[in-house]
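Step one of this worksheet: look at the structure below.
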Amino acid sequence: MSILIPDRLRCEYLFDPVGLDVTKPRLSWELISKEPTRSNIRQRSYQIVLKRDPSTIVWDSGKIESEETCQIECAGLLESRTHYTWKVRVWDENDEGSEWSASASFTMGLLQATDWLAKWIGAPVEEVWRETAPPALILRKAFTVAGIPKRAIVHVSALGLYEISLNGERVGDHILAPEWTDYHKRVQYQSYDVTSQIHSGENVLSGSLGPGWYAGRLGLSAFSNGGGRRGFYGRYPRLIVQLEIENANSETETVVTDCSWRVSTDGPIRATDLLDGELFDARCQIPGWDSPGFDDTKWKAAEESLGPRLVAQPNEPIRITQTLQPLSVSEPTKGTYIFDFGQNMVGWIRAKVNDAPGTEIRFRYAEVLNTDGGLYRDNLRGANQEDRYICDGAGVFEPHFTYHGFRYVEVTGLATCPSLNDLTGCVFHSSSPVTGAFNCSADLLNRIMTAIQWTQRGNMHSTPTDCPQRDERLGWMGDIQVFAQTAIYNMDMAAFFTKWLQDVRDAQADDGRFPDFAPHPYDSNSRFSGNPGWADAGVIVPWRAYVNYGDTRIVEESYASAKRWIEYVHRHNPNLIWLEKRGALFVYGDWLNVDTFTKLADFPKGQAQVPIEVYATAFFAYSTQIVAKMAAVLKDQEAATRYERLASAIRDAFVQEFVTEDGKIRGDTQGGYSLALHFDLLPSHLRPKAARHLLAALEPFHGHLSTGIQTTVRAMIELTRCGRSDLAFDLISKRTIPSWGYMIENGGTTMWERWDGWVEGGGFQDPVMNSFNHYAIGSVGEWMWKTIIGLSPDENAPGWKHFRVEPIPGGGLTWASGEYHSIRGLIKVTWRISKNEFELDVVVPPNTSATIQMPTNGSKPVRVESGVYNLKSEFHPK
Ligand code: BGC
């Protein structure tokens, strides 16, 4: 019997998903060794058996000789609505077979448009359009189940946001479903198993609908077509529900949305908006409305309409992943209570409210406080972030169709002083599993990583947003482009990126321009698109997904659009220096570098911004090189050669145009050197020279960074690559502005948008753009993982089949420890320095290998196969 156990079986990255519409879903498992210390354990073969209920074999792969454990396509022909179970067994390098794994399952959704019998329904369309937050629509349908239900699945979607219940009990735990896509092109549906909620006889399906991204306010609304602030995709929310009940005789009964449903706007959610918040009047609750026996004859009949294409949701839903209790409550002015959760978080509050009927209680949310102890809300711009609750006696309030970015909640309207237990903070976001645990001997560095992780969670609400609080909250591509690798260390981003990269492709302009943010609610042929470093995320993010998850399907799906983007830039810039067509409004460039400082009079000015032509051409070369690699992965040899040549020609043009013989790059900026080094744009003889200029460029800033969001992590990595990790450690340990330590020391529990978001003696930066929950500068997480823990994926053995372990101690650290749960299993790295010895422990999961480089002078890289390793070497800290 083999010592291998196949474990953690997943389908399309998800555990036992319900409602898939991928016709060839991919399976994966991880291998656990019964003897973890035994080395060189490999999977030589596997066998998968896929069954349809109850026991019909749909596909038996037979014994397949392969080390592959992920991205294995199901070969069986899969049918709509069907529940499948599967298991796997493996053979090790000695051809010893394992036991069969425990069974996993997946349930197909509705694969054909014709599978949908349900109609989109909503309230009868009003003549008068209101520019204010509308009440939620409530809908219900009573129906009778004739047989005895054996299994029931409900497929649901909305144009807007929905919550549905069956017999008064909430279905699922998703928040802000069906999430944000380009609703002109597609909307996601969710499928829930409701077998335990249904019974024979009378049942009631009910739902509430809010405007959400579809019909409510969106960020940058000032740019909306026609200047309206609401209704970017449509004005009237719609719901679609298809409940399929299989009874004991294997007959199916189906309940669908149609004009027999009843609708009303008289429910308790009197006004609701994603950005502005919710007004809940508890006195308007309608007893029994979501249960059998309620008289709905006074409600209106629903109106049917058409809707966009429905697709199954591929990513983990938005869910509450944590609750927080406030740490303290203050009363800066009489009757105004401010709760402090001690953490800048994203979600909403759950509040116990016991005041007299009719009392209105207001909850206002903010990230930071003013010096007088009151909320600072100027940086929210037009997002009101305020919930109101009108009491009907004792109750618990929790909003439904909104979300807020906050650390502080101000409560007014209460008759008596509240207690800390009255409020709970509910943290929610796309529930991608946590994959990374980082720790080291420096408290500041741990706090920086924790803040990065909070920022990441705060900006994953089905799209990777810039910020979660002001009236913006858009999937800005430049931010995730630079943050993607950090995000991947911290959380399993595979399913999330699968979903979002479709949003990116949906927003590509006809001429090949990628958008600057996705979803892009405006006309994709106008407005925000084609900006260097932002649009390039359409190439760079899929590549990161490939490198970390071995996901060739993402590469396949992104390839054509990535080529179109490169062709677009090339077509307009035949001389290979990117001067033309660099975005619609202006080039963002190395955004928020220190040239944008306004409150630090002594800080050097005008030496930080990378000249735009240098910056843009660097991205042109980098993205072209990635497209060449994508072509090679997909075995499109002709294109691989063509893009390889183009990339090389762009690099030559870059050097010729911008780089002097002594390695000086036009502009002489930290950011410019970092980009050129990081994107490998320079011939080898110029690299050390450019690196010396990078070091010199720190001097005018007294050893600080001057970089913006696009070059910061690249500077950290390049300083380390050129042998000056001491300087990188000095930067990560700084507490003076600009530094991560400055944010943390000044109350930051998440990453700030700007290095100078708040300045001692100067106060807050310009409220027009000053978020305290922006992950772009947190891209330094990638450097921390790669340098302090020392873990890097290997693009030649994608999906962590082979990886590097190369910790570089510094900054006075005496130990560090990291765990990364890769798609092929849990990797652990721990090191410590004691006396003059560096000791390293590494766990390399079964069926993977690693190259370990000890940080001692003269030590050579060692390649190891799976197992547990302890290495020691003499070490003399500098
Ligand atoms: C966002 C950024 C974004 C930028 C484009 C800002 O308003 O918050 O994070 O990348 O616009 O330059």
* For region 504-556, what is the charge dipole size about the Cα centre, in debye to the nearest 20, if Lys and Arg each add +1 at the Cβ and Asp and Glu each add -1 at the Cβ? -> 140 debye
* Structure fact -> The equivalent-ellipsoid semi-axes of region 523-591, taken as the square roots of five times the Cα gyration tensor eigenvalues and listed largest first in whole Å, are 24, 13, 12
* Structure fact -> Output for region 577-730 (equivalent-ellipsoid semi-axes, sqrt of 5λ from the C-alpha gyration tensor, Å, descending) is 28, 18, 14
* To do: Report P(r) for region 573-651: all Cα-Cα distances, bin width 5 Å, range 0 to the bin holding the largest distance, values in whole percent.
  => 3, 15, 18, 15, 14, 12, 9, 6, 4, 2, 1, 0
* **Principal axis dimensions, largest first and in whole angstrom, of region 60-123 by Cα** => 65, 19, 17
* Asked: Equivalent-ellipsoid semi-axes (√(5λ), Cα gyration tensor) for region 87-139, whole Å, largest first?
  -> 54, 16, 10
* Compactness of region 358-442, expressed as Rg and Dmax over alpha-carbon positions, Å -> 16.4, 54
* Sorted from largest down, what three extents in whole angstroms do the Cα atoms of region 136-278 have along their principal axes? -> 57, 31, 27
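Kindly provide the Kirkwood hydrodynamic radius of region 320-399 in Å, to one decimal, from all pairs of distinct alpha carbon atoms.
That comes to 14.0 Å for region 320-399.
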* Considering only G550, V862, Q242, whose Cα is most displaced toward the positive end of the charge dipole of the chain, charges sitting on Cβ of Lys, Arg (+1) and Asp, Glu (-1)? -> V862
* To do: Evaluate the Debye formula for region 652-779 with equal point scatterers sitting on the alpha carbons, no solvent, and hand back log10 of I(q)/I(0) at q = 0.10, 0.15, 0.17, 0.20 Å⁻¹, in q order, two decimals.
  => -0.35, -0.71, -0.86, -1.07
* To do: Round to the nearest 0.05 the FRET efficiency obtained for C284 and W100 when R0 = 35 Å and r is the Cβ-Cβ distance.
  => 0.05
* Just how large is the dipole of the chain about the Cα centre, in debye to the nearest 20, putting +1 at every Lys and Arg Cβ and -1 at every Asp and Glu Cβ? -> 1060 debye
* Asked: Ranked highest first by the average count of other Cβ atoms within 10 Å around their residues, in what order do 710-721, 735-746 fall?
  -> 710-721, 735-746
* Report the dimensions of region 493-638 along its three principal axes from the alpha-carbon atoms, largest first, rounded to Å. => 53, 36, 30
* Structure fact -> Placing one equal point scatterer on each C-alpha of the chain and summing with Debye, one gets log10 I(q)/I(0) at q = 0.06 Å⁻¹ equal to -0.42
* Asked: Convex hull over the alpha-carbon atoms of region 14-63: what's its volume per residue in Å³?
  -> 133 Å³
* To do: Report the label-to-label distance for Q656 and T450 in nanometres (one decimal), using points 7 Å from each Cα along the Cα→Cβ vector.
  => 5.4 nm
* Burial order of peptide ranges 476-483, 180-187, 51-58 (average beta-carbon count within 10 Å, highest first) -> 476-483, 180-187, 51-58
* To do: Using every Cα-Cα pair within region 1-110, state what percent have a distance larger than 22 Å.
  => 29 percent
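Using only Cα atoms, what is the ratio of the radius of gyration of region 671-721 to 2.2 N^0.38 Å?
Here the answer is 1.03, to two decimals.
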* Asked: By count of other Cβ within 10 Å, fewest leading, how are C467, C722 ordered?
  -> C722, C467
* Please report, to two decimal places, log10 I(q)/I(0) for region 250-348 at q = 0.12, 0.14 Å⁻¹ as given by the Debye formula with identical point scatterers on the Cα atoms and no solvent. => -0.81, -1.00
* To do: Starting with the highest mean, order 415-424, 673-682, 866-875 by the number of other Cβ atoms within 10 Å, averaged over the residues of each peptide.
  => 673-682, 866-875, 415-424
* **For region 670-714 versus region 812-853, the gap between their alpha-carbon centres in whole angstrom** => 29 Å
* To do: Sort K599, K334 so the one with the fewest other Cβ atoms within 10 Å of its own Cβ comes first.
  => K334, K599
* Asked: Can you name the helices of the chain, as whole DSSP H runs, whose Cα span along the helix axis is 24 Å or more and whose Kyte-Doolittle mean is not below 1.0?
  -> 612-633
* By the gyration tensor of its Cα atoms, with a ≥ b ≥ c the square roots of the eigenvalues, what is the shape of region 632-675: rounded for a/c under 1.5, prolate for a/b over b/c, or oblate? -> prolate
* Structure fact -> Taking only Cα atoms of region 771-878, the Rg to Rh ratio with Kirkwood Rh works out at 1.00
* For region 472-555, count the residues as N, evaluate 2.2 N^0.38 Å, and divide the Cα radius of gyration by that value, please. => 1.03
* Could you check how many percent of all C-alpha pairs in region 713-812 are farther apart than 17 Å? => 58 percent
* Compactness of region 184-224 as Cα Rg over 2.2 N^0.38 Å, two decimals -> 1.89
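Since every read-out is calculated from the coordinates, none of them should be taken as a lab result. None of these values were measured; they are calculated from a predicted model. Here the Cβ is made from the backbone with ideal geometry for all residues, glycine too, and neighbour counts use every protein chain on show.
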